[in-house]
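Peer 1: The structure follows.
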Amino acid sequence: MNYILFDDNRRNELLPFTFTAPIAEIRCGILTMQEKWEKYLNKEISHLTEDYLSKKFVLKILGENILINSSVFPNKDLLNAIYNLNDNEQLVQENIVIAIKSTEQNITKEFIYNNNYKQIEYNIDIKKINNTWDIFSFNDFAIRDDFKLITNERTSQEISKTNNILGKENIFVEEGAKIEFATLNAETGPIYIGKDAEIMENAAIRGPFAICEHSTVKLLAKIYGPTTIGPHSKVGGELNNVVIFGYSNKAHDGFLGNSVIGRWCNLGADTNNSNLKNNYVNVRLWNYNTENFAKTELQFCGLMFGDHSKSAINTMFNTGTVVGVFANIFGSGFPRNFVASFSWGGAHGMTEYGIKKAFEVAEKVMARRNIEFDDIEKNILTKVFELTAKYRC
């Protein structure tokens, strides 16, 4: 059986993170959505996504295919329902297409919502990422679920006796990880330490918490769960309910709370964000689909920071700020709570961040991780530059 993860009609609600990658690449918990499904299915999965992303995130079609909504979290009950689908049937819940079993060879995005297949109603509640703020809101559940999935019938590496440990049975340490003179409290939720990750001295961490491979928590960091640090990242200062997708740094002091940080980002020293309004009202957040501010129904909501964006030292972000792809933010005061992609500036005004200069920076940044900034990546980001031009003044 061939499995395909598809972007559903909520894709635009998940911008800016889905400008550069399909929904399946969103990290929530320890794993990305694709990694979760691949572990449950024990199969590699291809993608049905936007045309401009398809050279990097390819689609593979065989004789029999099962298409799965990549914004839906997998579980055993759902997996069984998908396995029980017959050819040319689809699993649905209200207006949500969860999965389709098809022998069709011409599979497109339009096919998902324009077919005559028999509908099988799925009556068990599902958990699904519909909005950007769901990524940090679901992170508690997702870390706990991924922790069970990853650590099942496996044995953790030993934890050094120099550390101050609570709830040792809820801590899992992968091979090559280094942790000395840190405080880990897993009584509030599991703590996962990925391969070759490092927790430096006097860091204090409360679960649920996950740090993925080759990432670092720096000296004296204070981290409250549920927080996830993706692979090849560095964090310091204070974090509370944050998801960092990977290859990004918040290496210095400063507060980051109820926030999502994309890939290849850097937050300069003493960058801070507000996650609570002074009048305690619920936060509104920029929505690309409506081109207006959406009600989150959340009192705590911080920063949404798209891929390749950067902030300078002492940058301040207001409650509920959305920053697009390749923004470079600096200067005193609070920038607007919506910063367009490829913008350069701050509270005193923005100009366009030239694509040539942006690409020069990306090439240097990615080379530090021994990753080539190739033509496929350039073409994707050139398309993002074009798609977001209308937001730049």
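Peer 1: Here are the criteria: (1) charged (D, E, K, R); (2) touching a residue at least 40 places away in the same chain (Cβ under 8 Å); (3) out of contact with any Asp or Glu (no Cβ under 7 Å at 6 or more places or on another chain). Tell me which single one Arg263 does not satisfy.
Peer 2: Result: Arg263 fails condition (3) only.
Peer 1: For the range 328-354, enumerate the residues that are within 18 Å of Thr132 (Cα to Cα) and in contact with a strand residue (DSSP E or B) (Cβ under 8 Å, 6 or more places away or on another chain).
Peer 2: Asn337, Phe338, Val339, Ala340
Peer 1: Same structure, new question: Just for the range 277-292: of the residues that are touching a residue at least 24 places away in the same chain (Cβ under 8 Å) and aromatic (Phe, Trp, Tyr), which one is surrounded by the fewest Cβ atoms within 10 Å (Cβ to Cβ)? Can you show your working first?
Peer 2: Start the filter on the range 277-292 by keeping residues that are touching a residue at least 24 places away in the same chain (Cβ under 8 Å), which leaves 277, 283-289.
Next cut, aromatic (Phe, Trp, Tyr) only: 286, 288.
Values: Trp286: 24, Tyr288: 22.
Step by step, filter the range 277-292, then rank; the result is Tyr288.
Peer 1: Please determine whether any residue of the range 372-393 is within 22 Å of the chain's Cα centre (by Cα), in a loop (DSSP other than H, G, I, E, B), surrounded by 12 or more Cβ atoms within 10 Å (Cβ to Cβ) and of a type in the set (S, T, N, Q).
Peer 2: yes
Peer 1: Let me ask you something else. Of the residues in the range 176-201, how many are of a type outside the set (Gly, Ala, Ser), part of a loop (DSSP other than H, G, I, E, B) and closer than 13 Å to Ala221 by Cα?
Peer 2: Residues meeting the conditions: 3.
Peer 1: While we're on this one: From (1) under 16 Å from the mean Cα position of the chain (by Cα); (2) surrounded by fewer than 22 Cβ atoms within 10 Å (Cβ to Cβ), pick out the condition that doesn't hold for Arg263.
Peer 2: (2)
Peer 1: Using the structure shown, decide if Leu256 is part of a strand (DSSP E or B) and touching a residue at least 40 places away in the same chain (Cβ under 8 Å). Break it down into steps so the answer makes sense when it comes.
Peer 2: Numbers: part of a strand (DSSP E or B): yes; touching a residue at least 40 places away in the same chain (Cβ under 8 Å): yes.
When the stated conditions are applied, Leu256 passes them.
Peer 1: Has the range 237-246 got any residue that is more than 20 Å from Arg27 (Cβ to Cβ), surrounded by fewer than 24 Cβ atoms within 10 Å (Cβ to Cβ), modelled with pLDDT of 95 or more and not polar (S, T, N, Q)?
Peer 2: Pass one, the range 237-246, residues more than 20 Å from Arg27 (Cβ to Cβ): 237-238.
Cutting the leftovers down to surrounded by fewer than 24 Cβ atoms within 10 Å (Cβ to Cβ) gives us 237-238.
Now drop any that are not modelled with pLDDT of 95 or more, which leaves 237-238.
So of that shortlist, the ones also not polar (S, T, N, Q) come out as 237-238.
Checking the range 237-246: at least one residue is more than 20 Å from Arg27 (Cβ to Cβ), surrounded by fewer than 24 Cβ atoms within 10 Å (Cβ to Cβ), modelled with pLDDT of 95 or more and not polar (S, T, N, Q).
Peer 1: Do we find that Glu38 is out of contact with any Gly (no Cβ under 8 Å at 6 or more places or on another chain), surrounded by 12 or more Cβ atoms within 10 Å (Cβ to Cβ), part of a helix (DSSP H, G or I) and assigned by TED's automatic domain parsing to the domain that holds Thr20 in this structure?
Peer 2: Here the answer is yes, as Glu38 does meet what is asked.
Peer 1: Where residues in the range 160-175 are in a strand (DSSP E or B) and not aliphatic (A, V, I, L, M), which of them is surrounded by the most Cβ atoms within 10 Å (Cβ to Cβ)?
Peer 2: Among residues in the range 160-175 that are in a strand (DSSP E or B) and not aliphatic (A, V, I, L, M), the one surrounded by the most Cβ atoms within 10 Å (Cβ to Cβ) is Phe172.
Peer 1: Still on this model: How many residues are of a type in the set (S, T, N, Q), over 23 Å from Ile23 (Cα atoms) and surrounded by 15 or more Cβ atoms within 10 Å (Cβ to Cβ) when one looks only at the range 97-128?
Peer 2: 0
Peer 1: Of the residues that sit in the range 44-65 and are part of a strand (DSSP E or B) and free of Cβ contacts under 8 Å to residues at least 60 places away in the same chain, which one is surrounded by the most Cβ atoms within 10 Å (Cβ to Cβ)?
Peer 2: Of everything passing the filter in the range 44-65, His47 is surrounded by the most Cβ atoms within 10 Å (Cβ to Cβ).
Condition check ((1) at pLDDT 95 or above; (2) in contact with a Ser or Thr (Cβ under 9 Å, 6 or more places away or on another chain)) across all residues:
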| residue | (1), (2) |
| --- | --- |
| Thr290 | no, no |
| Ile313 | yes, yes |
| Val322 | yes, yes |
| Val325 | yes, yes |
| Val339 | yes, yes |
| Gly345 | yes, yes |
| Lys357 | yes, no |
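Rundown of residues vs (1) hydroxyl-bearing (Ser, Thr, Tyr); (2) in contact with a Leu (Cβ under 7 Å, 6 or more places away or on another chain); (3) closer than 22 Å to Arg336 by Cβ, yes/no style:
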position	(1), (2), (3)
Asn241	no, no, no
Leu256	no, yes, yes
Thr271	yes, no, yes
Lys277	no, no, yes
Trp286	no, no, yes
Asn289	no, no, yes
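Peer 1: Restricting attention to the range 66-76, which residues are surrounded by 12 or more Cβ atoms within 10 Å (Cβ to Cβ) and either aliphatic (A, V, I, L, M) or outside any loop (DSSP other than H, G, I, E, B) (or both)?
Peer 2: Ile66, Leu67, Ile68, Asn69, Val72
Peer 1: On to the next question. Quick one: is Ala327 surrounded by fewer than 21 Cβ atoms within 10 Å (Cβ to Cβ), assigned by TED's automatic domain parsing to the domain that holds Glu238 and under 25 Å from Tyr247 (Cβ atoms)?
Peer 2: Numbers: surrounded by fewer than 21 Cβ atoms within 10 Å (Cβ to Cβ): no; assigned by TED's automatic domain parsing to the domain that holds Glu238: yes; under 25 Å from Tyr247 (Cβ atoms): yes.
Against the criterion (surrounded by fewer than 21 Cβ atoms within 10 Å (Cβ to Cβ), assigned by TED's automatic domain parsing to the domain that holds Glu238 and under 25 Å from Tyr247 (Cβ atoms)), Ala327 does not qualify.
Peer 1: Name the pairs whose Cβ atoms lie under 6 Å apart, with the first residue in the range 337-350 and touching a residue at least 60 places away in the same chain (Cβ under 8 Å), the second assigned to a loop (DSSP other than H, G, I, E, B) and β-branched (Val, Ile, Thr), and 6 or more positions between them or separate chains?
Peer 2: Final answer for the pair search is Ser341/Val325; Ser341/Thr388.
Peer 1: Could you grab the pairs with beta carbons closer than 6 Å, sequence gap of 6+ or different chains, first residue in the range 161-176 and acidic (Asp, Glu), second one buried (at least 19 other Cβ atoms within 10 Å of the Cβ)?
Peer 2: Hits for this filter: Glu174/Gly194.
The values are calculated or read from the model by the stated rules, or taken from the named source; none is laboratory data. Just so it is clear, the model here is predicted, and its values are computed rather than measured. Here Cβ is always computed from backbone atoms with ideal geometry, including for glycine, and neighbour counts include all displayed protein chains.
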